[in-house]
Every structure is written in C-alpha cells, then in structure tokens.
Amino acid sequence: MRQLVNPKTFGKPSIGLALMGCTNRPFYHICVFPDRSLGRRHEGNIVEQLGTFDPLPNVRNEKLVSMNIGRLKYWIGVREAHISVPVLELLGLSGLFPVHPKTYIRARDARQSLAEQVAALKTIGNEGEAEKDSETTS
Amino acid sequence: MALVNRCLSLSSTSGLPLLRAPLPSLNVLSSRNLGRRPPKPGKPPILPPSKKVLYKVVHPEWMKPEDVKELLWRRHTYNNAVVSLRHVFKAEIEAKEAAGLGIEALKAREKEELDALLVENEKHNQQKAQQREAEEKDAYEKLKTEFLEDIEKRLAKEEQNAKERTTEVLQLIEESQNFVTKDNLDVKLKEALDNPIVFDYCIDLNGQKFPDPLPLKYVEGTPTRQKGRAFDRSLVQPRKNAPKEAASSA
C-alpha cells in the first residue's frame, strides 16, 4: 500500500506572520503554514505556532517578539521551510540569522531622516536666536 | 396555522382576494453559516477576480542606485548564509537525536513511563477490587444474619400473639356459655332476681361481711329514701339485728 501523506504537512512549508487581533489592534503569530498549493494561508491552515510579534510598541517603547528557537531550527533545518521576509528580519534582529539586507537599508534611511530632522530643528533654532539678537540690538 | 386560518376566514367573509401571510419554510435555510464545516477560504474559483484585482500592476518603489548595488552583494551573501545555516541546524538536530535528546527519544521514554505506570495502576486496581470484594462479602453476610434475626423475632412475636389470642378466644367461648340470649332470658332474669348482688356492706380483716341494710329478696315496707355510700341511719327504722352484730363483733 502506498504511503499516505498528511496534506497539512506535506510539501514545502512556509514560516510567516499570521495577523490576529482586532480593529486598530494588529497582532501577529509566527506560524508554520503548509504548501501554498494546498490552499491559501488562513487561520485554519496553521500547522504549528512558533512565536508572536506585537507591532505596537508598549509603554517602554518596546515591540515584543517571542520565538521557539528549537522548533524553528527543526522547521528550517530538517523540513527546509520557506521563510517570509518579515520573519527573516525578525530572526536577524534576534541573532539567530544574520541581519537582513532590508534591515540595513531601512536603518540607514531612518538614520538619514533623523539626521535631517535634527538639522532642520537646529536651523530653526539658529534662526530664532538670530532674530532675538537682532531685536536686542535694535 | 392559526394565522393561515384567520387569513382564510377574513378572505371568505370580505370577499377580497386571498392574502397569505408568509409561512415559515420547513426546509433548512440555504445560508452557508448554518453548515457545520467552516467555508473554504477565499473566493470560489468559479467567480471572476474583482475589478480592483484585474488590472492591478505592481510598481516597485524607486530605490537609490547605491542601495540597489549594495543589496545585490548583500542578498547573495545573505542567501548563502541562510543555506549554510539550514545545514547547521539540521546537523544540530541530528546530533541531538543521536545523543538521545530528540523528540522521538523523549516520546519513547514517555511511552515506557506510561506503560510502567499503567501496569502499576492495574495492580493497584486489582488489589482494591479484591479488598472491595471481601468487604462486600462481609457486609452481605452481616446483613443476611440481621434479616434472619428480624424474621425470627417477628415469627416468635406472631406465634405468641396467636397463642394469646387462642387462649382469649377459648376463654370467651367458655364465658359465652353464661351469656344471656333471647332463649334463656327469662331464666336468667329469674336467676338475677333470685340472687340479687348487693355491695352495700363493710368488711373486716377476717373477711366477715356486715351488710347494712341487710339484703332482702323482696322489698319489705317502704324503701329507704337514701341510697348510696353515705347512708344516714336516722332516716330509717332502727336495726333489729343490732344486738346480734354487737355479740358477733365482741
């Protein structure tokens, strides 16, 4: 008799973020989904949950992420799962994977925009001081 | 049904065209929500894609040329790193499995533990069952003896009761010999009149009775005005037997 396969786990699984939560409050679970050819990804199709990601920062300005490293290694190493880009970025930030190229680009852009904002604020400050000086002299 | 009857009656009386109220349908509603299985995700394949999706053209965001160049070599190195990491993880897990720390080893250990626990539990259950059997047997024997004793007591009671009743009945039968019936009524009346019983006497310690007044079969002279315990001697003739009683008492 030929080997019967569980359609949920057969094929190349993919690790991705599953959006849960409600209106104006997203929350992601890092889950393993089965092969795309078996149907599109939805809540009922999850094979295993490997972690969570909260995109909204908390009181201390932290975005909390949790990961089951042992199971991640299994799915990535033994089962050769495809990993989505957001999950790769998170793994890079965690240290298990190298930092994703996209993270570098985003960080550089953020640094540049921050520098520009600081420069803009400084120029406004300088203009304000110059006006005050001119007023005092006059 | 009542609604339909009312509508029919109305129409018949008024003569208007028949207006039927909407009847509840007996077959199951055809909404997908009432099925037990959850519906398949996404649109059914027969439906065409929505107009928004049909002519969607993805325009990638513009990126700076230096970023693009950087990303080229970064992507290559990253992908190579990921491939090697997959091998590393695989080797790690295989080493764990070989050392006996993997999931299958854990499952085997847990299965062994479970089997051992089940055997122990079975033993314990059997012991308890034997204990329970012995206890139940004792209780049964005890209850049986109690019941038998109760039955014996009740039987003895009934026997005694029967004996007492038989003696009673025999006594009554004997007494019934002396009963007054219509046949021996005249005889009995004559007897009673001939032997009047009078309790109006006093008695001393020797058992000698002194009736006052003396009992008479037939009333002589006028009967006393007073009858009863507190007999007043002043209301009657003086006693004729007074000296005799005095002599007997002395």
Q. Before we move on, is A:K132 at pLDDT below 95 and away from chain B (no Cβ under 14 Å)?
A. yes
Q: Could you check, for region A:80-99, whether at least one of its residues is touching a Lys or Arg at 6+ places or on another chain (Cβ under 9 Å), among the aliphatic types (A, V, I, L, M) and more than 10 Å from every other protein chain (Cβ to nearest Cβ)?
A: yes
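Take the residues in region B:40-64 that are of a type outside the set (A, V, I, L, M, F, W, C) and within 17 Å of A:K102 (Cβ to Cβ), then tell me which one is farthest from the other protein chains (Cβ to nearest Cβ).
Our first condition is that a residue be of a type outside the set (A, V, I, L, M, F, W, C); within region B:40-64, this holds for B:40-45, B:48-52, B:55-56, B:59-61, B:64.
Imposing the further condition that a residue be within 17 Å of A:K102 (Cβ to Cβ) reduces the set to B:60-61, B:64.
Working: B:P60: 13, B:E61: 11, B:K64: 9 Å.
Only one residue fits best here, namely B:P60.
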Q: Would you mention how many residues in region A:49-108 are at pLDDT 95 or above, among the acidic types (D, E) and in a loop (DSSP other than H, G, I, E, B)?
A: 2
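Here is a check on your reading of the model: is B:E113 more than 14 Å from chain A (Cβ to nearest Cβ) and either under 30 Å from A:I69 (Cα atoms) or surrounded by 11 or more Cβ atoms within 10 Å (Cβ to Cβ) (or both)?
Spelling it out, B:E113 is indeed more than 14 Å from chain A (Cβ to nearest Cβ) and either under 30 Å from A:I69 (Cα atoms) or surrounded by 11 or more Cβ atoms within 10 Å (Cβ to Cβ) (or both).
The values are calculated or read from the model by the stated rules, or taken from the named source; none is laboratory data. Please read these numbers as outputs of a predicted model, since none were measured by experiment. Reconstructed Cβ throughout: ideal geometry from the backbone, glycine too, with neighbour counts over all protein chains shown.
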